[in-house]
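Here is the structure we will look at, set down as structure tokens.
The values are calculated or read from the model by the stated rules, or taken from the named source; none is laboratory data. The shown structure was predicted, so the numbers you read here are calculated from the model rather than taken from an experiment. Glycine gets a Cβ as well: all are built from the backbone with ideal geometry, and neighbour counts include every protein chain shown. With ligands, DNA and RNA removed, areas are computed over all heavy atoms of the protein, side chains included. Shrake-Rupley method; radii C 1.70, N 1.55, O 1.52, S 1.80 Å.
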Amino acid sequence: MLTENSSRRHFMRIASGCAGYLATAPLWVRQSFAIRPQATVVAETPFARIEALADGVWGVISTPLRDGERQFATTSNGGIVQGRDGLLIVEGFMSDEGSAWVAEQAFALTGMRPTHVVLTHFHGDHCRGIAGLGLDGAASHATARTRELMAEGEETILPEGEIAANGDTTIDLGGTQATVTARMGHTPSDVTVEIRDRNIVFCGDLVWNEMFPNFTHSIPSHMVRACEQLLRRDGVTYVPGHGDVADMAAQDNYLGLLQDLERAAQRDAAAGVDLAAAVAAYEVPASLGTFVQFGADYVERAFRAWYRELGAAV
Ligand SMILES: [Zn+2]
């Protein structure tokens, strides 16, 4: 029987050589996703935990692959921010069950019900559970473009408050301000939510940790540039869209992956390599660590997005 270490080395060889590796990923790879708290855990359930990041700021870290089970109630990460007069929840999460759990924990921590929610982008795992937050009379916020994209999909509850399409929108919670910054790249409209006086950024799906990002709706050059601008600021805590709170090594690996994909796609598109061949030849550099994939076709989605943006034949 292989020890965990030799098994790990064996898997790294397989992983770096096979684009569809999650299909054959050992259980420990799935189980090791998002299991390392970076701050004090104040609440935990099989599908998520809540970490105290700073005074009045908590991160919701989802653990959808924990115990080898698919625990999708929240699925995405998010946050809780308390001010004197208001309580902001970052993200609407995947299901009413998941978001109701977040709202319940937020009440236990703060004695407050949500007064605001910000949706970082239109994907269902970040907004489908919005009703479960119990936003009776509260304000829900997204960009106009995100609202349009939600309306084109299956979402029935749409945010009402508007976040500016460019620059920053400030949400004042009373003594605590959340700065919502319009960006793009993971989708045509993404926002980050920053609590500047506490050095915390909720990144939405522009940033992932130890999970290969989903490029399905991506404009990849904007994603790379947004992350180069956003990440690696000294003393800042980053809550990614998926995975553990990102330390500096995790940020390096993630940026390295985005930049490696950019170089590979640009090289292959310029050389006229067709999409299937480019995908088959791509290997995640072993130096960047292991990235779990939700689906076996995530490398293909990345190259497809790049080829689309570069005007190469797909
Ligand atoms: Zn997303």
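Scanning the stretch 265-274 for residues that are assigned to a helix (DSSP H, G or I) and either crowded, with 19+ Cβ neighbours inside 10 Å or of a type in the set (Gly, Ala, Ser) (or both) yields a count of 4. Filtering the stretch 200-220 for residues that are within 16 Å of the ligand (Cβ to nearest atom), more than 12 Å from the chain's Cα centre (by Cα), open to solvent by less than 20 Å² (accessible area, probe 1.4 Å) and over 19 Å from Ser76 (Cα atoms) leaves a non-empty set. Note on the stretch 184-207: among residues that are part of a strand (DSSP E or B) and in contact (Cβ under 8 Å) with a residue 60 or more places away in the chain, the one that is nearest to Ala312 (Cα to Cα) is Asp190. Per the listing Gly256, Gly243, the residue uniquely of a type outside the set (Ser, Thr, Tyr), over 14 Å from His186 (Cα atoms), in contact (Cβ under 8 Å) with a residue 24 or more places away in the chain and surrounded by fewer than 20 Cβ atoms within 10 Å (Cβ to Cβ) is Gly256. Here Gly175 meets the list (1) open to solvent by less than 50 Å² (accessible area, probe 1.4 Å); (2) assigned to a loop (DSSP other than H, G, I, E, B) almost entirely, failing just condition (1). Residues that are among the hydroxyl-bearing types (Ser, Thr, Tyr) and either at pLDDT below 95 or within 15 Å of the ligand (Cβ to nearest atom) (or both): does the stretch 98-114 have at least one? Within the stretch 98-114, none of the residues are among the hydroxyl-bearing types (Ser, Thr, Tyr) and either at pLDDT below 95 or within 15 Å of the ligand (Cβ to nearest atom) (or both). When the criteria are applied in full, Ala165 meets the requirement of being surrounded by fewer than 20 Cβ atoms within 10 Å (Cβ to Cβ), aliphatic (A, V, I, L, M) and either away from the ligand (no atom under 16 Å from the Cβ) or in a strand (DSSP E or B) (or both). Regarding Ala139, is this residue more than 16 Å from the ligand (Cβ to nearest atom), touching a strand residue (DSSP E or B) at 6+ places or on another chain (Cβ under 6 Å) and of a type outside the set (D, E, K, R)? Answer is yes for this residue. With respect to the conditions (1) crowded, with 19+ Cβ neighbours inside 10 Å; (2) within 28 Å of Val57 (Cα to Cα); (3) without any contact (Cβ under 8 Å) to a residue 12 or more places away in the chain, Gln229 falls short on a single one, namely (1).
For Arg225, the conditions (1) farther than 27 Å from Gly83 by Cα; (2) modelled with pLDDT of 95 or more; (3) touching a Leu at 6+ places or on another chain (Cβ under 9 Å) all hold with the exception of (3).
Residues that are part of a strand (DSSP E or B) and in contact with a helix residue (DSSP H, G or I) (Cβ under 8 Å, 6 or more places away or on another chain) were ranked within the stretch 221-264; the one that is nearest to the ligand (Cβ to nearest atom) is His242. Of the residues Gln266, Gln293, Gln259, the single one that is closer than 27 Å to Ala313 by Cβ and at pLDDT below 95 is Gln293.
Looking only at residues in the stretch 118-149 that are open to solvent by less than 10 Å² (accessible area, probe 1.4 Å) and touching a helix residue (DSSP H, G or I) at 6+ places or on another chain (Cβ under 6 Å), the one that is nearest to Thr216 (Cα to Cα) is His121.
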